[in-house]
Every structure is written in C-alpha cells, then in structure tokens.
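Asks: Got a structure for you, questions after.
We did not get these values from a lab; they are worked out from the coordinates using the rules stated. As the structure is a computational prediction, the values presented were derived from the model and not from experiment. Every residue, glycine among them, receives a Cβ derived from its backbone with ideal geometry; neighbour counts consider all protein chains shown.
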Amino acid sequence: MALLEVKNLHVAIDGKEILKGLDLSVNAGEVHAIMGPNGSGKSTLAYVLAGKADYEPTQGEVLFNGRNLFDMSPDERAAAGMFLAFQYPLEIPGVATMTFLRTALNAQRKKRGEAELSTPQFLKTVRDAAGKLGIDQEMLRRGVNVGFSGGEKKRNEVLQMALLEPKLAILDETDSGLDIDALKIAADGVNRLRGPGRSFVVITHYQRLLNYIVPDVVHVLSAGRIVRTGGKELALELEARGYAEYQEEAAV
Amino acid sequence: MSADVTTMKTAAETGLAQTFAQARAKLPGGKAVAAQREAAFDAFAKSGLPHRRIEEWKYTDLRALMRDAKPLAAPPDAAAKVLARTAGALAGDLEARRLVFVDGAFVPELSDTTKLEEGLSVGSLADALTAGDPALTRYLGKLAPADDAAVALNTALMGDGAVIRVAAGAVIKRPLHLVFVSSAKPSASFVRSLLIVEPSARAMLIESHEGPAGSDYQVNAALELFAGDQAHVDYVKLIADGAQALHVSTLAAAIGGKARFNAFSFVAGGAVVRNQLFLRFDGEDTVAGIRGATLIRGHQHADTTLVANHIAEGCQSREVFKAVLDDEAHSVFQGRIIVSPGAQKTDAKMMTRALLLSERAEADSKPELEIFADDVQCGHGATAGALDDELKFYLMARGIPDAEAEALLIQAFLGEAIEGIEDAGLRESLMEAVAVWLKSRGPKQ
C-alpha cells in the first residue's frame with residue numbers, strides 16, 4: 001500500500017473549488033515532484049495535506065499510512081510523520097528557536113508514546129543537524145525565524161525536517177527566493193534525508209530545484225488536477241516548452 | 001432656592017462616611033495627621049466615588065462597581081496569621097526580607113526585621129504615626145495626588161503600612177517584600193507605605209497582594225516612593241487577590257537625576273482592580289522601565305492608569321504593558337506621557353498591547369502624549385487582537401497540540417514585558433505564574 005493515497009480530492013477555499021479531482025499515490029522512499037503554473041493548486045495541495053483551516057475538502061479521500069488524513073488534526077498528522085516545509089516560514093517573536101524545536105520534538109514523541117529526549121541528547125542532535133546546514137548557535141537562540149534571511153528561513157525548515165524525521169515531507173516551493181548557493185545548501189540537506197523510509201513531495205514552479213533534488217516521478221498539476229505523470233525527463237521537457245499546452249488543455 | 005444639586009449618595013459612599021465617622025478618633029497619628037485625614041475625607045465627600053463621567057475613571061466606574069463599603073478590618077486573629085505564613089509565593093523564592101501585613105495590619109512575628117543591613121531601616125506606618133515620627137511629615141502625602149478619590153480615601157483611612165528607608169550610598173542586595181494578605185472576613189483595609197531611597201542607594205521592593213477567593217474584601221493600597229539622585233530602585237507589584245476582591249492601588253513616585261528606576265505590575269487576581277501609577281522624573285538623565293502584564297478571565301476588570309511626567313532634561317522612559325484576556329474580562333490601559341517645558345531631550349516610548357482570547361473580552365486603551373518641549377523623542381502605540389491563526393497553524397504543523405501552541409504564543413506575547421525584569425529569579429517565577437494560569441484555562445466553547 002502506498003504511504004500517501006490521494007483519491008479524487010476536491011478542495012474549496014471560501015466556496016471556490018481549487019482542487020478538482022486530484023489523484024496521487026506516493027510509495028515509501030519515493031520522491032515525487034509536482035510542477036505546475038501559478039494558480040494550478042500546488043500550495044492548496046500542500047496546505048490541505050498539512051491540515052490548514054479554511055482549506056475544505058469537499059470530495060474524495062486521503063489515506064496517510066492507511067489512516068484517513070481528514071480525521072486527524074495538524075499536530076496529529078505531524079506526529080504520524082507528515083511534514084510541510086512552508087513556502088513562507090513564519091516569524092514567531094518571543095519563542096526561541098531552541099524552545100520551538102524542543103517543544104515540537106517532544107510533543108511528537110509523547111504522542112507516539114516515546115520517551116522525551118534528555119537535554120544533552122537534544123542539544124547534541126540540534127547542534128549536529130544545525131552545523132550541517134550552516135545554522136549557527138546564535139540563530140537558534142533568537143525567536144523563530146526572527147531576523148532570518150530568506151535562505152536562513154528555508155534552511156531552518158530543513159533543520160526542523162531533519163530533527164522531526166518525518167515519513168513524508170512536502171516541500172512547498174522551497175526554491176522560491178533562494179539564490180543558487182542557498183538552494184544547494186537546502187537541497188543537500190534534503191538529499192541527506194532521502195532513504196527507503198522517507199518520501200518527498202516536492203512542489204515547484206521551476207525545474208531548477210529538480211537538478212539538485214532528483215525526483216523519481218514528475219506530475220504536472222493544472223487547474224486542480226494532475227494532467228500528466230512521467231519520469232524526471234518530464235521536468236526538462238516542461239522547462240523547455242513551458243506550461244502553455246497544459247493551461248490550454250485545462251481551459252477546454 | 002439653592003441651585004446646588006446634591007447627588008444621591010450610593011450605599012458605598014454612605015458606608016465610607018460612616019466608616020470614617022466611627023474610625024477617625026481611633027486612627028493612628030497626632031493632630032496634624034488627623035487634620036490631613038479630615039481634609040482628605042472632605043475632598044472625597046465633595047466629589048464622591050469617581051464614575052464614568054470623570055475622564056480619569058472613564059472605563060472604571062467605581063461608583064457602579066463598588067456596591068458597598070466593607071467595615072474596616074479588625075486586627076488579625078491567630079488563624080488569619082497562620083494562613084499568611086505561606087503568602088507571597090508568587091514572587092518565588094528570592095530569600096527576600098518579608099514584611100507581612102494581614103488585613104492591612106503589620107504582623108511583626110511573621111516579619112523579618114532582624115539583622116538589618118547597614119543603612120536600611122524598616123518599620124510600620126502605624127507605629128511611626130503613633131510615635132509622631134517627625135520625618136513622616138516630610139514625606140507623607142507629598143507625592144500622592146490629593147485630588148484622586150482613591151488617594152483621598154487612602155489618606156483619610158490609612159491604618160498601617162511599611163516605612164522603609166535606605167540611607168545614601170547603601171546597596172541593599174536582599175530584596176524587600178511587602179506581603180499583604182486578606183483573611184476570609186469581607187473587610188476593608190487601607191494601607192499606606194513609604195519607600196525612601198536616598199542618593200546613590202539601591203533597593204528592590206516587591207509588593208504582593210492576595211486573599212481568599214470566596215471573600216469580597218476591599219483593599220486600598222498606596223505607596224509613595226522617593227528615589228534620590230543616582231539611586232537604583234526596582235519595584236514590583238503583584239496583584240493576585242481573590243476572585244471577588246476589589247483592589248485599588250496607587251504608586252506615586254518621584255525619581256531624582258541619573259537614577260535607574262524599574263517598575264513592574266503583574267495583575268492576575270481580583271474582581272475589580274485599579275492599578276494607578278503617578279511618576280515624576282525630577283532629575284536629569286534618568287533611565288526608567290515601566291512595564292506590566294495583566295492576565296484576566298471570567299468577569300474580571302483590571303485597569304492600569306499611568307501618568308509619567310518628565311520634568312527634567314534627558315530622561316529616558318520605556319513603558320510596555322501587555323494584557324491577556326479570556327472569557328468576558330475587561331482590561332483598561334490609560335497611559336499619559338507628559339513632557340514639561342524644560343524637559344528637552346526626553347526619550348519616551350509607550351506601547352500597550354492586548355491579546356483577546358475570547359470574542360466577548362474587551363480591551364480599552366487610551367495612550368496620550370502631552371509634550372511641551374520641542375526637542376524630544378516620544379511615541380506610543382496600542383494594539384488589540386486575537387491570537388494569530390497562521391502562527392498557531394505553523395506550530396501545530398510541527399506537532400504541537402492546540403492548547404500548547406496557544407500557550408507558547410501567549411507566553412511569547414507576555415515575554416516582551418516580563419523580560420524587562422532584571423531579577424532572573426523573579427522573571428522565572430512570573431513566567432511560571434503565567435504557565436499555571438494558562439494550564440487552568442477552561443475548555444474552549
């Protein structure tokens with residue numbers, strides 16, 4: 001059975017339908033890329049999977065590890081292994097990054113019936129993971145993402161992913177706003193986490209990110225549906241020819 | 001026919017007049033103090049309890065909120081004293097020198113007045129008044145605004161309080177803690193304290209108020225604080241009264257030049273709380289941090305009214321007041337920064353923020369700047385809003401459950417004010433008090 005099974009998913013925001021019958025099946029260990037023009041529903045898919053309020057599924061179902069995803073609150077989804085790397089990570093003044101990481105990690109462990117990490121264990125884990133991503137200790141003491149550059153915010157998302165060790169990571173436009181060096185650091189961080197027990201859904205407008213995070217499967221999302229699925233070469237084709245034909249197709 | 005209009009006296013006003021008539025002969029102090037009391041009560045009787053048409057009390061209509069006047073508290077009995085032993089825990093374990101007052105009366109056997117540091121003197125106001133301490137006349141009533149109804153009542157009926165003096169140059173490391181406890185009897189206490197910190201001296205004063213939840217007792221507490229040039233004074237007021245209590249507090253302070261002054265108010269208890277601060281920066285180049293955190297729920301009403309008057313040049317003041325409101329609670333912040341004509345180079349910034357956890361809660365804020373000098377930097381800001389759903393979703397998407405995510409955001413919100421407290425132990429105690437308050441939040445409707 002697939003890790004993530006999305007069947008005929010319809011999602012509306014404020015009564016307007018954005019996803020119109022989306023099907024997607026992601027097996028354990030696979031990396032899927034979802035590409036599509038602006039407004040095709042890429043971020044909506046990311047948010048509805050993570051459980052954002054106001055993203056209302058009106059039809060269809062999503063099974064995550066065999067469980068009905070829509071029966072679970074966002075924190076339950078996270079504890080079950082779902083992770084969304086935000087396109088625009090939020091700033092939380094007054095909540096130190098360390099406190100945030102620790103609260104999140106321990107909340108998930110508690111929900112899974114695991115023991116909380118000891119302080120030295122936790123600190124070592126964070127330091128190691130942060131070091132690999134070039135995040136210094138001073139940043140960890142600051143409020144979450146407060147005063148971070150765009151690249152630092154994205155690296156902080158990857159750091160959270162590394163610590164929380166999800167089964168499924170959804171990367172929502174992780175490449176947006178990054179220069180090539182920042183992109184490489186983030187992509188290397190993701191690649192280190194690839195393995196048989198972890199799947200990725202990489203959402204992106206551009207093919208560029210997929211040079212660094214090489215997908216197993218590429219989907220084209222247009223007007224709320226997956227309109228084409230192929231191998232990694234599909235991304236190159238899209239880069240060369242653009243999305244025009246899919247937008248026309250969707251408009252018909 | 002006379003054109004005078006006599007307003008109907010409320011039950012509370014009539015009660016206060018009776019209380020004063022019965023108590024005036026027994027209250028401590030000589031002739032001069034008695035005259036001070038008479039004048040204060042006359043001033044009060046003329047205007048009566050303040051109400052919503054009095055601008056300073058617009059949001060706290062004491063005439064409506066104070067239904068009756070409780071009788072003056074009797075001297076505390078043994079049972080009341082036993083309860084007071086563990087009081088003041090909210091401040092944490094600071095190993096402070098405790099001066100304990102039960103129902104407004106100083107209790108020497110619960111207080112620590114031994115081995116006083118050099119330069120420190122402590123005593124009770126009742127003793128000082130009875131002894132006719134001539135030093136009192138130099139300070140008593142010199143700062144508290146006589147035209148304020150709460151102050152007038154306090155002056156008329158003050159029974160006891162603390163008189164603390166720190167001699168010039170003395171650095172008192174051990175904090176002083178005035179522990180005010182009300183017992184189960186629904187009575188009224190009027191306490192008046194003096195803190196005199198002479199030039200180049202340093203002291204930290206904590207004042208806490210608490211009492212049983214089931215008693216509708218009334219507290220009127222006033223402190224006149226004198227800080228000399230180059231003094232360093234930290235003052236913390238913790239209002240954790242019982243859920244039915246009426247609490248009116250006044251701080252009147254005059255700060256000298258090149259001094260450091262920090263004041264923090266923590267309001268979590270009481271049915272109706274009015275916490276007023278009248279500050280005067282008399283000397284040049286003083287740096288002051290005036291902060292506060294209010295956490296209220298149910299039908300609690302908490303009013304913070306601040307007047308910070310910059311008289312001398314070059315003072316810097318930062319005012320940060322935060323309120324968290326749940327259920328149908330009502331918070332008020334009235335903050336006025338005055339810059340007198342001579343107070344050039346004043347740097348004053350005031351910020352008040354309210355976080356509403358319920359749609360039925362209400363936060364009123366009225367920041368004001370009155371600037372009579374032209375070379376100053378002054379500003380103020382006020383916000384009120386709900387918890388940010390986007391931030392909450394971000395936390396929940398990382399596995400943090402709903403209530404814990406909210407608690408984290410509320411702690412972060414209050415942190416900006418609480419982090420201004422210099423003493424790390426006290427800071428932690430207050431963050432812990434916030435955590436306890438958050439844990440006891442009821443299930444959401």
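Asks: I need to check one value: relative contact order of chain A, counting alpha carbon pairs closer than 8 Å and at least 6 residues apart, in percent.
Replies: Details: 455 pairs, mean separation 70.6, N = 252.
Computed over chain A, the figure is 28 percent.
Asks: Take chain B, connect every pair of alpha-carbon atoms lying under 10 Å apart with a spring to form a Gaussian network, then pick out the residue of B:302, B:407, B:227 with the largest mean-square fluctuation.
Replies: Of B:302, B:407, B:227, the most mobile in the Gaussian network model is B:407.
Asks: Something else about it: Got the relative contact order for segment B:304-445 handy, in percent, Cα pairs under 8 Å and 6 or more residues apart? Don't jump to the answer; show the numbers that get you there.
Replies: Numbers: 252 pairs, mean separation 29.8, N = 142.
Once divided by the residue count of segment B:304-445, the mean separation gives 21 percent.
Asks: Mind giving me the FRET efficiency for residue A:247 and residue A:192? R0 is 35 Å, r the Cβ-Cβ distance, nearest 0.05 is fine. Please list the in-between numbers first.
Replies: Details: r = 36 Å, r/R0 = 1.03.
In this case the efficiency is close to 0.45.
Asks: Using amide H atoms built 1.01 Å from N in the peptide plane, name the residues 5+ places from residue A:3, or on other chains, whose amide H lies under 5 Å from its own.
Replies: Result for residue A:3 returns A:26, A:27, A:28.
Asks: If you average over every viewing direction, what projected area does the convex hull of the Cα atoms of segment B:223-378 give, in nm²? Walk me through the numbers before you get to the answer.
Replies: Working: hull surface 31.7 nm².
With the hull built on Cα positions only, its mean projection is 7.9 nm².
Asks: Distances over 24 Å make up what percent of all Cα-Cα pairs in segment A:134-252?
Replies: Working: 2412 of 7021 pairs.
The answer is 34 percent, as a whole percent.
Asks: Does chain A come out rounded, prolate or oblate, given a ≥ b ≥ c as the square roots of the eigenvalues of its C-alpha gyration tensor, rounded meaning a/c under 1.5 and, failing that, prolate meaning a/b above b/c? Before the final figure, lay out the partial values.
Replies: Details: a/c = 1.82, a/b = 1.42, b/c = 1.28.
Verdict is prolate for chain A.
Asks: Here's a follow-up. Please grab the % of Cα pairs in segment A:8-156 that end up more than 23 Å from each other. Walk me through the numbers on the way to the answer.
Replies: Working: 5282 of 11026 pairs.
In whole percent, the long-distance tail amounts to 48.
Asks: Whose amide H sits under 5 Å from the amide H of residue B:124, counting only residues 5 or more places off or on another chain, with H placed in the peptide plane?
Replies: B:163
Asks: Just list whichever of B:237/B:366; B:173/B:439; B:258/B:349; A:111/B:322 have alpha carbons separated by over 24 Å in the model shown. Present the calculation step by step, with values, prior to reporting the outcome.
Replies: Working: B:237/B:366 22 Å; B:173/B:439 34 Å; B:258/B:349 19 Å; A:111/B:322 33 Å.
As for pairs spanning more than 24 Å Cα to Cα, those are B:173/B:439; A:111/B:322.
Asks: Only helices at least 20 Å long along their own axis, judged from Cα atoms, and with Kyte-Doolittle mean hydropathy of 0.5 or greater: name those in chain B from DSSP H.
Replies: Numbers: long enough: B:31-47 (25 Å, -0.07); B:402-418 (24 Å, 0.84); B:424-439 (22 Å, 0.60).
Membrane-span-like by this criterion, though nothing is claimed about a membrane: B:402-418, B:424-439.
Asks: Mean 1/r over all different Cα pairs, inverted: what Kirkwood radius does chain B give, in Å? Display every interim value, and only then the final one.
Replies: On the way: mean 1/r = 0.0449 Å⁻¹.
With all distinct Cα pairs of chain B included, I get 22.3 Å.
Asks: Taking the square root of 5 times each eigenvalue of the Cα gyration tensor, what semi-axes in Å does the equivalent ellipsoid of the protein assembly as shown have, largest first?
Replies: Numbers: eigenvalues 740, 129, 110 Å².
Its equivalent ellipsoid spans semi-axes of 61, 25, 23 Å.
Asks: Here is a further query. Can you work out the base-10 log of I(q)/I(0) for segment B:308-445 at q = 0.11 1/Å, using the Debye formula on its C-alpha atoms alone?
Replies: -0.52
Asks: Can you tell me which of B:394, B:139, B:235 moves the most in a GNM of chain B? Springs connect C-alpha atoms under 10 Å apart.
Replies: B:394
Asks: Right, next: Do any GluC sites (Glu not before Pro) in segment B:365-445 lie in a DSSP loop with no more than 15 other beta carbon atoms within 10 Å, and if so, which?
Replies: Working: sites: B:368, B:370, B:390, B:404, B:406, B:416, B:419, B:422, B:428, B:432; in loops: B:419, B:422.
Answer in residue order: B:419, B:422.
Asks: Another question about this same structure. Helix-only mean residue ellipticity at 222 nm, chain B, DSSP H runs n ≥ 4 weighted -39,500 (n - 2.57), per residue, nearest 500. What is it? Please report the intermediate quantities before stating the final value.
Replies: Working: 10 runs with 102 residues, N = 445.
It lands at -7000 deg cm²/dmol.
Asks: I'd like the Karplus ³J(HN,Hα) series for segment B:285-294: coefficients 6.51, -1.76, 1.60, θ = phi - 60°, whole numbers in Hz, and an x wherever there's a Gly or Pro.
Replies: Residue by residue, segment B:285-294 yields 6, 8, 10, 10, x, 10, 9, x, 9, 10 Hz.
Asks: Which order results if B:189, B:317 are arranged by neighbouring Cβ count within 10 Å, fewest first?
Replies: Numbers: B:189 28, B:317 22.
The order, fewest Cβ neighbours first, is B:317, B:189.
Asks: Here's a follow-up. Relative contact order of chain B, please, whole-number percent, based on alpha carbon pairs below 8 angstrom and at least 6 residues apart. Let's see the in-between values first.
Replies: Numbers: 1140 pairs, mean separation 44.1, N = 445.
Over chain B, the number comes to 10 percent.
Asks: Among B:238, B:408, B:225, which one moves the most in a GNM of chain B with springs linking Cα atoms closer than 10 Å?
Replies: Largest GNM mean-square fluctuation: B:408.
Asks: A follow-up question, please. Scan chain A and note any complete DSSP helix (H) whose C-alpha atoms cover at least 18 Å along its axis and whose Kyte-Doolittle average is -0.5 or more. Don't jump to the answer; show the numbers that get you there.
Replies: Values: long enough: A:97-111 (21 Å, -0.67); A:119-132 (20 Å, -0.59); A:150-164 (21 Å, -0.52); A:180-193 (20 Å, 0.49).
Going by DSSP H runs, the hits are A:180-193.
Asks: Can you work out the Karplus-derived ³J(HN,Hα) for every residue in segment A:198-208? Use 6.51 cos²θ - 1.76 cosθ + 1.60 with θ = phi - 60°, whole Hz, and x for glycine or proline.
Replies: Karplus values, whole Hz, x for Gly and Pro: 9, 10, 10, 10, 9, 9, 7, 8, 10, 6, 3.
Asks: Amide H to amide H, which residues 5 or more places from residue B:275 or on other chains are under 5 Å from it, using H placed in the peptide plane?
Replies: B:249, B:303, B:304, B:305
Asks: Taking other Cβ within 10 Å of each residue's Cβ, how do B:291, A:127, A:194 sort, fewest first? Spell out each step's value before the answer.
Replies: Numbers: B:291 22, A:127 13, A:194 16.
With the sparsest Cβ surroundings first, the list reads A:127, A:194, B:291.
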